[in-house]
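Novice: I have a structure I would like to understand better, so I am pasting it below and will then ask my questions one at a time.
The values are calculated or read from the model by the stated rules, or taken from the named source; none is laboratory data. Worth saying up front: this structure is predicted, and the values here are computed from it rather than measured. Positions of Cβ are generated from backbone atoms using ideal geometry, with glycine treated the same way; all protein chains shown enter the neighbour counts.
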Amino acid sequence: MAGFNISKEALDFIRGCTIDFDMNTGLSKTVDTGKRSLSQMKGMFADEAAFEKMLETDDPIVYEFHGLPLPETEGDLSFGCSILNPGKVGDEYYFTKGHFHTILETGEVYYCLKGHGYMLLENPEGDWSAHELKAGEAVYVPKRYAHRSINVSPDEQLITFFVYRADAGHNYGSIEEKGYRKLLVERDGKPTIIDNPNWK
Ligand code: MN
C-alpha cells in the first residue's frame, strides 16, 4: 500500500494519548486531579463575609481538574476534564476561576458530561454571554473570550470535557485582579446574572 508513513515516535505518542477519562466521573486512571479548595479562591467570590464564615468550619474542594500530559506544541490539541462541586458562597454559585488564553486568538470546546451549569464568557472589550450547560450539550468558547464554568445544581457535580489548542496557554491575571463583570447568583431560587459590585 502506497503513501502512508508514520514514524515510530509518532505511533508511540498516539498510543500514549488514549483518552482514559471515565466519562461518568471525569476521572482518569493514570493522572491525578489538581484540586482547588475554597481558601485558594480568596477574593474571587463577591460576598467576602460569607466566604470567611465558611472557612471558619471547613475548607471544601470547589473543583478538580486535569489534563493528560500532552505536548503543548503548535498543531497539537490538549484535552481534559473538570469536576465542579455543587455549592454557594452567600448566594453566588461555585465556579472555576476562569481564564483567558495566553494566545488570546484561540477557541475551545466544552462538552458537558454530567450536571447542570453555565459557561460564562467575557472578552476584553466587555462583551459577555452565559450559556446553559446540561449533560450531552457542548459549548463553543470563541477566541478572545475568558471562560468560567458555574455549577447551579444544588446537589450534583458539573463535569465537563474540554479540548483546546495545546499551545494556547492559560492567562488568569486580569481575572484574579479584576474579576468578571458579571456574576451568577441565586435569586428566588433561580440562577440570575447580576453586575459584579466589586468589578474594577
Ligand atoms: Mn481554556
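Novice: Tell me whether the range 39-53 contains one or more residues that are of a type outside the set (S, T, N, Q), modelled with pLDDT under 95 and either under 19 Å from Q157 (Cβ atoms) or part of a helix (DSSP H, G or I) (or both).
Specialist: no
Let's see how each residue does on (1) surrounded by 17 or more Cβ atoms within 10 Å (Cβ to Cβ); (2) touching a residue at least 60 places away in the same chain (Cβ under 8 Å); (3) more than 19 Å from F45 (Cα to Cα); (4) of a type in the set (G, A, S):
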position: K143; (1), (2), (3), (4): no, no, yes, no
position: A146; (1), (2), (3), (4): yes, no, no, yes
position: V152; (1), (2), (3), (4): yes, no, no, no
position: D155; (1), (2), (3), (4): no, yes, yes, no
position: L158; (1), (2), (3), (4): yes, yes, no, no
position: V163; (1), (2), (3), (4): no, yes, yes, no
position: Y172; (1), (2), (3), (4): no, yes, no, no
position: L183; (1), (2), (3), (4): yes, yes, no, no
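Novice: Sticking with this structure for a sec: Tell me the residue from K88, K97 that is under 25 Å from E156 (Cα atoms), basic (K, R) and in contact with a helix residue (DSSP H, G or I) (Cβ under 7 Å, 6 or more places away or on another chain), please.
Specialist: K97
Novice: Got a sec? Which of E125, E132, E186 is over 30 Å from P71 (Cα atoms) and touching an Asp or Glu at 6+ places or on another chain (Cβ under 9 Å)?
Specialist: The match here is E186.
Novice: Something else about it: Step by step: first the residues of the range 100-131, then only those that are of a type outside the set (A, V, I, L, M), in a strand (DSSP E or B) and farther than 23 Å from F21 by Cα, then the one that is nearest to the ligand (Cβ to nearest atom). Which residue is that?
Specialist: F100
Novice: If you take the residues in the range 146-200 that are basic (K, R) and more than 14 Å from the chain's Cα centre (by Cα), which one is nearest to the ligand (Cβ to nearest atom)?
Specialist: R165
Novice: Which condition breaks for F65 when tested against (1) more than 18 Å from S149 (Cα to Cα); (2) modelled with pLDDT under 95?
Specialist: Result: F65 fails condition (1) only.
Novice: Here is a check on your reading of the model: is K134 among the basic types (K, R), more than 23 Å from K178 (Cβ to Cβ) and buried (at least 17 other Cβ atoms within 10 Å of the Cβ)?
Specialist: When the stated conditions are applied, K134 does not pass them.
Novice: Could I ask something else about it? What number of residues within the range 132-145 satisfy the criterion of being in a strand (DSSP E or B) and either within 13 Å of the ligand (Cβ to nearest atom) or not aliphatic (A, V, I, L, M) (or both)?
Specialist: Of the residues in the range 132-145, 5 are in a strand (DSSP E or B) and either within 13 Å of the ligand (Cβ to nearest atom) or not aliphatic (A, V, I, L, M) (or both).
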